[in-house]
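The values are calculated or read from the model by the stated rules, or taken from the named source; none is laboratory data. As the structure is a prediction and not an experimental result, all values here were calculated from the model. As a convention, Cβ positions derive from the backbone with ideal geometry for all residues, glycine included, and neighbour counts pool all protein chains shown. Areas reflect the complete protein model, heavy atoms only, side chains present, ligands, DNA and RNA absent. Shrake-Rupley method; radii C 1.70, N 1.55, O 1.52, S 1.80 Å.
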Amino acid sequence: MTKATNHPNPMAGILSVGDAAEMLGANPIDVQRVIALGELDDNRNKDGNVVMRGDLERFMGRRAPNLKSLRTRDGWFAHDPTLVQRDEFQRRIRRHAGELAQVTDEQIDAAYKANPRQRPLTFTVAPTKSMRDCFAADSTGTLFARKPSGVPLGVSAMAAVLRDGALREVNRRLGRRGMSKGGVGSRHALEALYESPEAFKGIAEAAKSALTALDVAFHESRKPASAPGEVSILTTVKLSSLSTNFDRHVAMAVDLAF
């Protein structure tokens with residue numbers, strides 16, 4: 001809950017974000033981040049966040065959990081080559097498509113009869129065990145990641161998509177188009193992301209809708225018995241079905257992304 005405070009006054013135990021950053025050996029945006037993540041209390045005055053010295057000392061006494069120095073470029077995270085990108089993730093899952101159950105002719109014919117105008121005819125199928133194993137495998141062996149990371153392949157890919165989704169939501173809130181990482185006036189994307197716990201939570205939740213981009217689709221043409229010719233078929237393996245515990249893996253991806 002936001003607390004009313006006075007202006008920064010170190011003698012009274014009220015620190016600016018910059019003062020807190022100096023004590024932590026970090027950057028001001030790193031302090032904004034741990035406030036947004038709930039590791040430090042969200043204290044405000046009319047000029048923005050302040051940090052209570054007692055809160056900061058307790059945070060330091062807990063070895064500053066979750067504090068990290070953000071690598072920024074134009075106000076956003078620098079590209080992290082260790083995260084698995086969408087195309088790479090889907091390519092690896094597709095390697096195991098040989099065992100995937102085929103949509104039957106009867107299913108296709110029934111779908112065509114139900115809606116002859118639908119193009120393509122869409123179906124969802126369960127993943128194979130090898131696809132699930134691929135999702136859970138360590139995200140090593142990418143072009144840049146050579147050492148075991150301890151992060152499942154699917155979680156790493158989710159984190160990459162969450163970052164892009166968050167950036168789109170930040171840009172929407174700032175009223176700009178495209179994937180700009182810089183500022184509008186004095187506002188930068190990274191500052192908007194970590195503006196407050198409420199802002200961060202809303203942006204992170206909106207970013208989760210982008211995870212459907214990791215669904216793996218397979219295209220083919222088939223001829224239903226009741227159709228005059230071939231129709232396009234889209235068969236999808238949902239990302240959520242690849243995970244043995246989707247909520248836990250989403251939470252892991254959020255921690256990794258932000």
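Just from the alpha-carbon atoms, what are the Rg and Dmax of the range 208-258 in angstroms?
So, for the range 208-258, Rg and Dmax equal 16.7, 52 Å respectively.
Quick one: grab Rg to one decimal and Dmax as a whole number for the range 11-69, Cα atoms only, in Å.
Rg, Dmax (Cα atoms, Å): 10.1, 30.
Please state the relative contact order of the range 83-175 as a whole percent: Cα pairs under 8 Å, 6+ residues apart? Write down the numbers at each step before the final one.
On the way: 72 pairs, mean separation 32.5, N = 93.
Taking the mean separation of contacting Cα pairs over the length of the range 83-175, I get 35 percent.
Over the range 11-69, with every protein chain in place, what whole percent of the accessible area is carbon and sulfur at 1.4 Å, could you tell me?
48 percent
Rounded to whole Hz and in sequence order, give me ³J(HN,Hα) for the range 234-240 from the Karplus expression 6.51 cos²θ - 1.76 cosθ + 1.60, θ = phi - 60°, writing x for Gly and Pro.
Once θ is set to phi - 60°, the couplings for the range 234-240 become 10, 10, 10, 9, 6, 3, 4 Hz.
Spelling out what I want: for every residue of the range 83-99, take phi, set θ = phi - 60°, compute 6.51 cos²θ - 1.76 cosθ + 1.60 (Karplus), and round to whole Hz; glycine and proline get x.
My calculation for the range 83-99 gives 7, 7, 7, 4, 4, 5, 4, 5, 4, 5, 5, 4, 4, 9, 7, x, 8 Hz in order.
Quick check: net charge around Ala20, other residues with Cβ under 10 Å of its Cβ, Lys/Arg +1 and Asp/Glu -1?
Numbers: positive: Arg53; negative: Asp19, Glu22, Asp30, Asp55.
Here the count lands on -3.
Using a probe radius of 1.4 Å on heavy atoms only, what accessible surface per residue do you get for the range 209-257? Whole Å² is fine.
I get 48 Å² per residue for the range 209-257.
For Pro228, what is the net charge nearby, where nearby means another residue's Cβ is under 15 Å from its Cβ and Lys, Arg count +1, Asp, Glu -1?
Summing Lys and Arg as +1 and Asp and Glu as -1 gives +3.
Can you list residues from other chains, or at least 5 along the same chain, whose modelled amide H is less than 5 Å from the amide H of Val50?
Asn43, Arg44, Asn45
How much accessible area per residue does the range 11-69 have, in Å², with a 1.4 Å probe?
49 Å²
Peptides 167-175, 205-213: what's the order by average Cβ count within 10 Å, highest mean first?
Packing order, densest peptide first, comes out as 167-175, 205-213.
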